[in-house]
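Presented below is the structure to which this report refers.
Laboratory data are not the source of any read-out in this text; all were calculated from the coordinates shown. Values in this document were obtained by computation on a predicted structure and should not be read as measured data. Glycine gets a Cβ as well: all are built from the backbone with ideal geometry, and neighbour counts include every protein chain shown.
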Number of protein chains: 2
Amino acid sequence: MSESSSFLRKINGDLWLVEDERENMKVSYRIKEIIFSRSSPFQHVMILDSYDFGRMLVLDGVVQTTSLDGHIYNEMITHIPLSIHPEPERVLIIGGGDCGAAREVAKYEQVKEIDMVEIDQMVVDVCKEHLPAVSGNLSDPRVQFIFNDGIKHVQAIRNHYDVIIVDSSDPVGPAKALFEQSFYKNIYHALKDDGLMVCQSQSPLFHRSVMKETIGHIRNLFPVCKVYTATVPTYPGGFWSFTLGSRKYRDLCVDDFHKDTKYVNQSILQSCFDLPEFLKIE
Amino acid sequence: MSESSSFLRKINGDLWLVEDERENMKVSYRIKEIIFSRSSPFQHVMILDSYDFGRMLVLDGVVQTTSLDGHIYNEMITHIPLSIHPEPERVLIIGGGDCGAAREVAKYEQVKEIDMVEIDQMVVDVCKEHLPAVSGNLSDPRVQFIFNDGIKHVQAIRNHYDVIIVDSSDPVGPAKALFEQSFYKNIYHALKDDGLMVCQSQSPLFHRSVMKETIGHIRNLFPVCKVYTATVPTYPGGFWSFTLGSRKYRDLCVDDFHKDTKYVNQSILQSCFDLPEFLKIE
């Protein structure tokens with residue numbers, strides 16, 4: 001029996017990953033091949049090659065990102081804040097072990113430092129090696145990997161970053177503290193006076209209370225708080241929210257977006273803030 | 001053993017609907033209660049009460065619409081065309097057995113006729129009775145139910161409708177013909193000189209060739225062809241496309257949208273046409 005056997009099942013000769021994290025809805029993916037499967041000190045890490053989504057990063061049996069749609073999430077969590085801050089030079093990414101966010105940030109010439117604080121080095125190493133559709137085999141010299149707890153990192157730094165990107169997993173286990181007010185307070189202080197931050201704030205349908213709480217934390221701290229959404233097919237319900245908190249800048253400073261992207265373009269930069277009626281939070 | 005047993009499974013004492021239509025990905029829903037389950041002359045029809053999505057319409061074991069998100073699809077397939085046609089009086093809905101599209105169309109006072117051509121009367125009857133979150137217990141006197149084949153209906157009518165809404169299921173079995181060029185040609189002729197139509201054109205990720213073909217058919221016939229999207233959580237990947245073909249009108253004629261809606265608002269009317277980069281079809 002391999003280590004991965006508790007997450008994978010053989011059904012009629014086919015291999016399936018059955019996501020077991022949700023109580024009332026389960027998604028199963030037919031798998032071609034197990035590319036990597038091992039436990040790190042923090043979690044169980046797999047790269048699986050699936051039929052419909054290509055290669056996927058799977059942590060503790062839950063799909064995190066896939067070759068088919070990883071770019072949607074990673075483009076949305078990076079190009080929106082980097083199109084609002086007019087001079088982003090120092091960028092911090094908290095989490096983001098798949099390296100896709102760092103890959104997008106590296107598309108900005110004016111960015112001089114990209115600090116990536118990820119707790120689990122194994123995730124970074126396997127994504128760089130086995131998930132090139134998402135990581136782009138990231139090798140930009142401006143990226144500094146810091147294998148540490150993001151919470152400790154922002155506690156120790158003041159008035160340093162232009163943009164902080166919180167690319168966390170779901171608020172369970174170690175990522176739970178990344179959804180608390182004290183963490184956002186430290187982020188506020190780790191930013192320069194005109195800095196801004198963005199975080200993924202979960203599904204507006206299935207995690208509405210987490211989303212509302214996160215928006216509340218950011219509103220309490222930052223003079224500017226804006227919510228935007230994207231469709232990320234591998235996340236439950238496809239609908240995903242991001243929340244931006246800014247100490248100064250409010251509007252896009254880009255009117256002719258041209259980066260090498262598959263999802264974001266000038267009109268998406270603008271319309272991602274147009275929320276459906278039910279999603280407007282007073 | 002009940003008739004529904006082939007679609008439902010008992011697992012550790014819980015009832016689950018396991019959607020079996022896709023080869024490489026399966027979604028299972030935990031079910032509270034079977035509200036209705038019977039075979040019509042066309043298909044097996046169920047109303048199930050689920051934990052995460054509330055009551056759902058399930059045809060041949062596949063979820064069609066749910067109380068949680070049915071309004072998103074139904075609002076998007078109706079309010080967009082009805083905000084582009086300046087004087088919609090005669091509206092035809094092909095399919096739409098859940099009655100949600102007709103319910104939205106009935107919110108327009110200037111509409112005088114709403115013809116709804118649905119092949120399966122059982123679907124209409126059970127949705128009116130058991131799925132009020134979607135059907136709104138539709139009882140508007142302007143709605144005329146025609147239990148017939150939509151293809152035959154549009155073959156026989158010329159120069160009559162202002163707006164035609166093709167609210168079809170997936171292009172398998174009887175709905176297959178609703179994705180063919182000859183059908184759109186009949187729709188073109190069933191419209192008045194300044195009429196317009198809209199259809200659901202499937203997932204841009206998982207049914208890209210169907211979407212491209214549908215857009216091609218409509219472009220071949222109509223001087224105006226526009227694609228828009230919405231996030232519909234219960235459809236695979238959440239991402240869904242709609243294609244509009246118009247004989248004359250191109251732009252929104254509404255600048256202050258106020259209907260009783262949960263998803264559509266003025267900004268969604270505009271930004272739904274802002275397509276992600278990968279979705280632009282030359």
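In angstroms, what radius of gyration and Dmax does the protein assembly as shown have, counting Cα atoms only?
24.4, 75
Need one value for B:20-27: mean number of C-beta atoms belonging to other chains within 10 Å of its residues' C-beta atoms.
5
What FRET efficiency comes out for A:HIS160 versus A:ASN137 if R0 is 25 angstrom and r is the Cβ-Cβ distance? Round to the nearest 0.05.
0.30
Under the Kirkwood approximation applied to all pairs of distinct alpha-carbon atoms, what is the hydrodynamic radius of region B:30-150 in Å?
For region B:30-150, inverting the mean 1/r across all distinct Cα pairs yields 14.6 Å.
How far, in degrees from 0 to 90, does helix A:208-221 lean away from the longest principal axis of the Cα atoms of chain A, to the nearest 10?
30 degrees
Could you give me the ³J(HN,Hα) list for region A:54-60, computed from phi with Karplus coefficients 6.51, -1.76, 1.60 and θ = phi - 60°, whole Hz, x at Gly and Pro?
x, 5, 10, 8, 10, 10, 6
Whole-Hz Karplus ³J(HN,Hα) for region A:9-17, in order, using 6.51 cos²θ - 1.76 cosθ + 1.60 and θ = phi - 60°, x for Gly and Pro?
Per residue, the Karplus-derived 3J(HN,Hα) values read 10, 8, 10, 6, x, 9, 8, 10, 9 Hz.
Can you work out the Karplus-derived ³J(HN,Hα) for every residue in region B:85-96? Use 6.51 cos²θ - 1.76 cosθ + 1.60 with θ = phi - 60°, whole Hz, and x for glycine or proline.
6, x, 9, x, 10, 10, 10, 10, 10, 9, x, x
Shortest first and in nm with one decimal, please list how far the B:ASP193 label point sits from its counterparts in the other copies (point 7 Å along Cα→Cβ).
For B:ASP193, the inter-copy label distances come out at 6.6 nm.
Using square roots of five times the C-alpha gyration tensor eigenvalues, list the equivalent-ellipsoid semi-axes of region B:99-175 in whole Å, biggest first.
The equivalent ellipsoid of region B:99-175 has semi-axes of 20, 18, 10 Å.
Between copies, how far apart are the B:ILE11 label points? List them in nm, one decimal, shortest first, with each point 7 Å from Cα toward Cβ, please?
Spelled out, the distances from B:ILE11's label point are 0.7 nm.
For region B:31-94, what does the alpha-carbon gyration tensor say about shape, rounded, prolate or oblate, given a ≥ b ≥ c as the root eigenvalues, a/c under 1.5 as rounded, and a/b over b/c as prolate?
Oblate.
Structure shown: which of A:LYS262/B:LYS26; A:LYS259/B:LYS176; A:LYS128/A:LYS185; A:LYS280/B:LYS107 lie over 30 Å apart, alpha-carbon to alpha-carbon?
Beyond 30 Å: A:LYS259/B:LYS176; A:LYS128/A:LYS185.
In chain A, which residue puts its Cβ closest to the axis that turns chain A onto chain B, and how many whole Å away is it?
Closest Cβ on chain A to the axis mapping it onto B, in Å: A:GLY238, 1.
Taking Cα atoms, how many degrees apart are the long axis of helix A:70-82 and the longest axis of chain A, rounded to 10 and kept between 0 and 90?
10 degrees
Kindly provide the Kirkwood hydrodynamic radius of region B:70-279 in Å, to one decimal, from all pairs of distinct alpha carbon atoms.
Computed over region B:70-279, the radius equals 16.9 Å.
State whether region B:3-66 is rounded, prolate or oblate according to the following rule on the C-alpha gyration tensor (a ≥ b ≥ c being the square roots of its eigenvalues): a/c under 1.5 gives rounded; otherwise a/b larger than b/c gives prolate, and the remaining case gives oblate.
Taking the square roots of the gyration eigenvalues as a ≥ b ≥ c, region B:3-66 is rounded.
Just to check, using Stokes-Einstein with a Kirkwood Rh over alpha carbon pairs, what's the diffusion coefficient of region B:242-282 at 4 °C and 1.567 mPa s in µm²/s?
105 µm²/s
Which of rounded, prolate or oblate describes region B:180-282 when judged by the alpha-carbon gyration tensor and an a/c cut-off of 1.5?
oblate
Helix A:181-190 versus the longest principal axis of chain A: what angle, 0 to 90°, nearest 10, using Cα atoms?
Approximately 60 degrees, to the nearest 10.
Add -39500 (n - 2.57) for each DSSP H run of 4 or more in chain A, then divide by its residues: what number comes out at 222 nm, to the nearest 500 deg cm²/dmol?
The per-residue figure over chain A is -7000 deg cm²/dmol.
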